[in-house]
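The values are calculated or read from the model by the stated rules, or taken from the named source; none is laboratory data. What you see is a predicted model; the values in this text were computed from it and never measured. Note that we place each Cβ from the backbone using ideal geometry, even for glycine, and neighbour counts take in every protein chain shown. With ligands, DNA and RNA removed, areas are computed over all heavy atoms of the protein, side chains included. Shrake-Rupley method; radii C 1.70, N 1.55, O 1.52, S 1.80 Å.
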Amino acid sequence: MASDFMGSNMDIHAGGWDLKFPHHDNECAQSEAYHNCGQWVNYFFHCGHLHIKGLKMSKSLKNFITIEQALDDLGVSARQMRLLFLCTDWNRAMNFSDQSLGEAKETERVLRSFFGSIEVALRGDNMACLQHLNEHDRALNAKWVEVEQAVHEALCSNFNTVVAMQQIMELVSYTNQYLLNKERPLPTLLRKLAVYITKMLKVFGVVQGADDIGFDKGTTEGGAAEPVVDALVQFRDEVRWAVRDKKPPQELLQHCDALRDQLLPPLGIRLEDKPSGEPTVWKKDDPEILMKEVQERNSAAEADRLRKLQNQYDTKNKEYSKFLKFQAPPADFFRGDAAMAAKYGQFDTVTGLPAVD
């Protein structure tokens, strides 16, 4: 069948590592004998197996999961799935578990936060600031050159995407530390660095779209300001009403949180509160991602509330059970006491009072 399509020679033949012998050896023997050639396949790629929570995925074990099921039923995004695959050697077994999915989601979160921070740093007139390299700029540039070379060598070494992603994430971490410096970051350097990271992630299929930097935001150009203005007007009205009705300051903070968690996420805007009185930072993001994060936070908060209620119930129930142990009918008050029973001997059958002194 392969010869009908590929002829007497093919460059690459792939399959699971368990097909090395005898399946592929037998296939080569038959095909090379049929075509009377010395080499039917130039390169074999034998991929590692997929394991589900430590067990090899198979229909017999009833742990078979399709890509469609993972995307639709397990709530895994296509980007998280690709990151999961990239962070595992292609020729080794990959474990599909809650832990590995959590690591992929965390990698996506770090990358999303990184691109948002780059966007914030590039706002304003980038050419107005000094363009010379200071000590921090030179260190970041040197790190970039080092990582770029390491990524190239990793991909040339058996498509080692694990090391390549580790190097990229190391550069992301180093850049985040660079952005924490008190000095103004160099926008031109940050732009070039972010373009490189985006380019590599596009090569890996993690980033789609035509944007030079970051993930596809999923926002439209036309009329983008109107929904934001509507949200701000609603927030302003709620604050005015709260002040007019002399509501406590806590309610004003609740309206601020509602603007951050309810009004702006559907519009693709993320607000990040900073500690120590620093200004709040806003970033553009995918509205679906933001709403999913809000839903997860709300679910976690609800679960925490229910857990506290359950703990309170358990505590009260223990106190009530302890109270029941000491509870007795009035007629048994004296009879139930061993000292009283030894002292009086007989008790009235109705009132329970001592009948004999």
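Pairs linking a residue in region 56-73 that is surrounded by 14 or more Cβ atoms within 10 Å (Cβ to Cβ) to a residue that is of a type in the set (Ser, Thr, Tyr), with Cβ atoms under 9 Å and 6 or more positions apart or on different chains, are LEU71/SER77. Just give me the residues in region 308-346 being open to solvent by less than 70 Å² (accessible area, probe 1.4 Å) and acidic (Asp, Glu), in sequence order. Correct list: ASP314, ASP332, ASP337. Has region 88-99 got at least one residue that is open to solvent by 70 Å² or more (accessible area, probe 1.4 Å) and assigned to a helix (DSSP H, G or I)? Yes: region 88-99 contains one or more residues that are open to solvent by 70 Å² or more (accessible area, probe 1.4 Å) and assigned to a helix (DSSP H, G or I). Being at pLDDT 95 or above, touching a helix residue (DSSP H, G or I) at 6+ places or on another chain (Cβ under 8 Å) and under 24 Å from MET81 (Cα atoms) narrows it down to one of ASN141, ASN160, so name that one. Of the residues listed, the single one that is at pLDDT 95 or above, touching a helix residue (DSSP H, G or I) at 6+ places or on another chain (Cβ under 8 Å) and under 24 Å from MET81 (Cα atoms) is ASN160. In the set ARG307, ARG297, ARG270, ARG260, only one residue is under 30 Å from GLU106 (Cα atoms), in a helix (DSSP H, G or I) and in contact with a Leu (Cβ under 7 Å, 6 or more places away or on another chain); that residue is ARG260.
Filter region 310-349 down to residues that are assigned to a helix (DSSP H, G or I) and small (Gly, Ala, Ser), then give me how many there are.
First pass over region 310-349, keeping only residues assigned to a helix (DSSP H, G or I): 310-325, 330-332, 338-344.
Keeping just the survivors that are small (Gly, Ala, Ser) gives 321, 331, 338-339, 341-342.
Counting residues in region 310-349 that are assigned to a helix (DSSP H, G or I) and small (Gly, Ala, Ser) gives 6.
Within the set PHE45, PHE114, the sole residue that is open to solvent by less than 40 Å² (accessible area, probe 1.4 Å) and either farther than 29 Å from LYS283 by Cα or touching a residue at least 24 places away in the same chain (Cβ under 8 Å) (or both) turns out to be PHE114.
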